[in-house]
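Values in this text are rule-based calculations from the coordinates and carry no lab data. From a predicted model like this one, the values you see are computed outputs, not experimental measurements. Positions of Cβ are backbone-derived with ideal geometry, glycine not excepted, and every protein chain shown enters the neighbour counts.
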Amino acid sequence: MIILRTKTKIALARAAQRILMGGRRAIGRGPITVCRRGGVRWKLDLREGIDFSIFLLGSFEPDVVAAYRHMIRPGATVIDVGSNIGAHTLRLAACVGPAGRVVAVEPTRYAYGRLLEHLLLNPQLASRIILLQAMLTGSPQSELAENIDSSWPLKTPSDAHPEHAGVAKSTTGAAVRTLDDVVSDLDLKSVDYLKLDVDGYEVQVLRGARNTLRRFGPVIFFEHAPYGVKEKGYDPGEIAEILTGAGYRFTDLKGRTLATGQYRLPEIKVGAGINLIAFPGDTRSDRTQPNS
């Protein structure tokens with residue numbers, strides 16, 4: 001499997017963007033567009049990497065979207081941690097249907113505001129979504145990070161992250177919560193799936209999710225980028241320790257066992273990440289089976 005560094009992906013997207021933006025300028029169009037992709041209405045800024053991916057490919061991380069669409073059934077409850085502008089949130093809401101629920105958690109004011117815009121553009125999907133501006137940590141007493149990466153401009157500014165080219169945005173207005181507290185406060189009777197993309201804060205989130213993992217055993221879609229975890233001061237090995245301790249095993253997005261086995265996470269080069277699935281060890285429901 002070829003795993004590209006995030007900077008390489010940005011460079012490839014930048015080359016495609018130059019061509020597209022040149023064509024748009026020629027017909028008098030700017031970088032902001034409202035369009036429909038994947039059955040969802042979007043307000044996209046084509047200068048942003050996530051937005052450009054949605055515009056060009058129909059979705060952000062199409063392989064991840066394909067994986068959860070293959071699995072998630074109507075009526076499911078999903079928690080989207082690190083929801084950003086809603087690139088997955090709205091697609092997840094389409095998967096769960098009118099009887100399902102998506103809890104979207106985003107700490108930065110920038111991405112939270114843009115996700116709100118997307119909910120207004122999609123009222124039918126919005127009725128299935130609970131949106132929280134919060135940073136999930138291991139303890140409610142944890143300190144709120146003042147700024148968190150949540151923008152990936154294709155024209156990389158000087159203050160961008162040196163490896164993944166992200167730009168940090170303010171968390172003003174965000175609460176500090178644990179996932180267990182969110183589940184309790186919302187009185188969720190089930191948590192079937194968890195999507196986790198928090199750029200290095202995975203250990204914090206999982207430390208505060210032990211009760212949820214034990215009680216509900218959600219299938220977890222997550223990005224594994226060890227360098228980001230180390231950068232935040234955590235041991236990437238703790239991710240596997242927490243999850244395998246709760247009975248989880250790891251696969252790729254197609255459900256295939258990793259080269260490192262079911263219970264070990266692979267080493268990934270600095271600047272790169274890979275999307276994986278963590279499956280609970282039991283068969284308490286049909287959520288681990290393909291959605292036919």
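Please figure out what share of the DSSP beta bridges in region 59-279 is antiparallel and state it in percent, rounded to the nearest 5.
Values: 14 of 34 bridges.
In region 59-279, approximately 40 percent of DSSP beta bridges are antiparallel ones.
Taking amide H positions as modeled 1.01 Å from N, with prolines and chain starts lacking one, the residues under 5 Å from residue 172 and 5 or more places away or on another chain are 109. For the chain, the 222 nm mean residue ellipticity estimated from helices alone, with every DSSP H stretch of n ≥ 4 adding -39500 (n - 2.57) and the total spread over all residues, rounds to -9500 deg cm²/dmol.
Could you please tell me the mean projected area of the C-alpha convex hull for region 1-158, averaged over all directions and given in square nanometres to one decimal?
Taking a quarter of the hull surface, the average projection is 11.1 nm².
Computed 3J(HN,Hα) for region 114-129, one whole-Hz value per residue from the Karplus formula 6.51 cos²θ - 1.76 cosθ + 1.60 where θ = phi - 60°, is 6, 5, 4, 4, 5, 5, 5, 6, 9, x, 5, 6, 4, 5, 9, 10, glycine and proline marked x. Cβ-to-Cβ counts within 10 Å put 142, 184 in ascending order as 184, 142, the fewest first. Modelled label positions at residue 231 and residue 36, each set 7 Å beyond Cα in the direction of Cβ, lie 3.8 nm from each other. Database remark: amide H of residue 258 closer than 5 angstrom to the amide H of 252 (H placed geometrically; neighbours at sequence offset of 5 or more, or on other chains; Pro and chain starts carry no H). For region 150-156, putting each phi into the Karplus relation 6.51 cos²θ - 1.76 cosθ + 1.60 with θ = phi - 60° gives couplings of 8, 9, 10, x, 6, 9, 5 Hz, in residue order, rounded to whole numbers and with x for Gly and Pro. An ellipsoid equivalent to region 59-279, defined through the eigenvalues of its Cα gyration tensor, has semi-axes of 23, 22, 18 Å when rounded to whole angstrom and sorted largest first. In straight-distance terms, cross-link reach from residue 43 covers every one of the lysines whose alpha-carbon lies under 23 Å from its own, apart from those fewer than eight places away in the same chain; here that gives 9, 155, 169, 195.
Shown for 35, 95: other C-beta atoms within 10 Å of each C-beta, ranked fewest to most, produce the order 35, 95.
If region 59-109 were replaced by its equivalent ellipsoid, with semi-axes equal to the square roots of 5 times the Cα gyration tensor eigenvalues, what would those be, largest first, whole Å?
Over the Cα atoms of region 59-109, the ellipsoid semi-axes are 18, 14, 7 Å.
Counted over region 132-261 with a bin width of 10 Å, the fraction of Cα pairs per bin, in whole percents, is 11, 39, 35, 14, 1.
Candidate cross-link partners of residue 269 among the aspartates and glutamates, defined by an alpha-carbon separation under 12 Å and a same-chain spacing of 8 or more, comprise 163. Quick one: Cα centre-to-centre distance for region 189-220 and region 102-130, in angstrom? Distance between centres, Cα-based: 20 Å. Place a point 7 Å from the Cα of residue 190 along the Cα-to-Cβ direction; which residues of region 200-244 have their backbone N under 13 Å from it? Residues 216-219 qualify, since their backbone N sits under 13 Å from the label point. Amide H contacts of residue 100 (H built 1.01 Å from N, in plane; Pro and chain starts excluded): 75 sit under 5 Å, all sequence-distant by 5 or more or on other chains.
Extension gain, residue 147 to residue 57, is 29.5 nm, computed as 0.36 nm per intervening residue step minus the present C-alpha separation. Once both labels are positioned 7 Å from their Cα atoms along Cα-to-Cβ, the gap between residue 124 and residue 155 label points is 3.7 nm. Cβ crowding within 10 Å, taken as a proxy for footprinting-reagent exposure, orders 232, 155, 169 from fewest neighbours to most as 155, 232, 169.
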